[in-house]
Amino acid sequence: MKIGFIGLGNMGSGMARNLIKAGHSLVVYNRTRSRSEEFRDLGAAVGENPSAAASGVEALITMLADDHALEDSLFGPGRALQSLPPGAIHIGMSTISVALSRRLVSVHREQKQEYIAAPVFGRPDAAAARKLFIVAAGPATQIERCQTLFEAMGQKTFVVDENPPSANVVKLTGNFLITTVIESLAEAVSLVRKSEVDSNKFLQIMTSSLFGAPVFRNYGALVAKGQFEPPGFKLPYGFKDNRLVLALSEESAAPMPIASLIHDRFLAALAQGLGDQDWSAIARISFQSAGLDKAA
């Protein structure tokens, strides 16, 4: 399949490489040109702008940081929406607001283009290893049309329903749950350390008995070691996702007091200059409250 791919960051670069390995023909675009040039040797064409990446393709994949970056790539002169052919499909894999996803449903319908939302769970190493979990929503025929692409990028695809924004709801809510795990791990590790118990031994017991899921093992290891660099997912992006969750919570009249607490954790971490660290660095706020920051 001929694919346009916009967004070659830590996640997108691994996904694009796996699509090329699977035999798909890619036209890539990234705002930082050097990232795009790396793909020439892999056989991809390099677009001069988002419009070039979308021109004449069967599918356009976007994997960008936030709403603003996606809107900048899609809308306006020289942007992708103007060049994507009628009948082509836009696969939105970014973590974006539900409001923007709704807007995309409308504008693609007006342009006689197809659209599905397919955000992912997984860190950059999972993207590189084709181990992402993909959450898809949209017309069943279009999801089926994209199945070979999903198989090239992930280990499993979950289909929510035929309403694309539903996938964005699941993604944002899932990220909220990850932050609650990070926060609870931080508080538990703080208590264990203050009680002079080995935090790594504590983590081994917990993940071998009650909490064996990868999210506990992976983030537990980062929190227990206080190892928040290099970042797999930068802290400001986590803060952005938390704000999107709270906006949806307000719109839906579904109170989320824990999300509000975690909002303050992110804000405190940013205020203390932790913006270049992994989003799990919000654990440092709990460590500091317990007088354990240097012990981390």
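What the table shows:
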{"item": "Unique residue being of a type outside the set (F, W, Y) and within 19 Å of I96 (Cα to Cα) when the list is A271, A290, A253, A259", "result": "A259"}
{"item": "Helices (runs of 4 or more DSSP H) wholly inside region 182-296 containing at least 3 residues that are closer than 30 Å to A167 by Cβ", "result": "214-225, 235-252, 257-271"}
{"item": "Test: Q155 is more than 22 Å from L60 (Cβ to Cβ), of a type outside the set (K, R) and surrounded by fewer than 16 Cβ atoms within 10 Å (Cβ to Cβ)", "result": "yes"}
{"item": "Complete set of residues in region 163-178 that are assigned to a helix (DSSP H, G or I) and either without any contact (Cβ under 8 Å) to a residue 24 or more places away in the chain or over 11 Å from the mean Cα position of the chain (by Cα) (or both)", "result": "P165, S166, A167, V169, V170, T173, F176, L177, I178"}
{"item": "Positions within region 171-204 being closer than 30 Å to L244 by Cα and not aliphatic (A, V, I, L, M), in sequence order", "result": "K171, T173, G174, N175, F176, T179, T180, E183, S184, E187, S190"}
{"item": "So P236, is it of a type outside the set (A, V, I, L, M) and in contact with a strand residue (DSSP E or B) (Cβ under 6 Å, 6 or more places away or on another chain)", "result": "no"}
{"item": "Hey, G87 closer than 21 Å to G138 by Cβ and either crowded, with 18+ Cβ neighbours inside 10 Å or β-branched (V, I, T) (or both) or not", "result": "no"}
{"item": "Exclusive hit being surrounded by fewer than 24 Cβ atoms within 10 Å (Cβ to Cβ) and either without any contact (Cβ under 8 Å) to a residue 40 or more places away in the chain or of a type in the set (S, T, Y) (or both), set P139, P124", "result": "P139"}
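Since every read-out is calculated from the coordinates, none of them should be taken as a lab result. Fair warning: this is a prediction, and the values are worked out from it, not measured in the lab. A quick note on method: Cβ atoms are made from the backbone with ideal geometry, for glycine too, and the neighbour counts reach across all protein chains shown.
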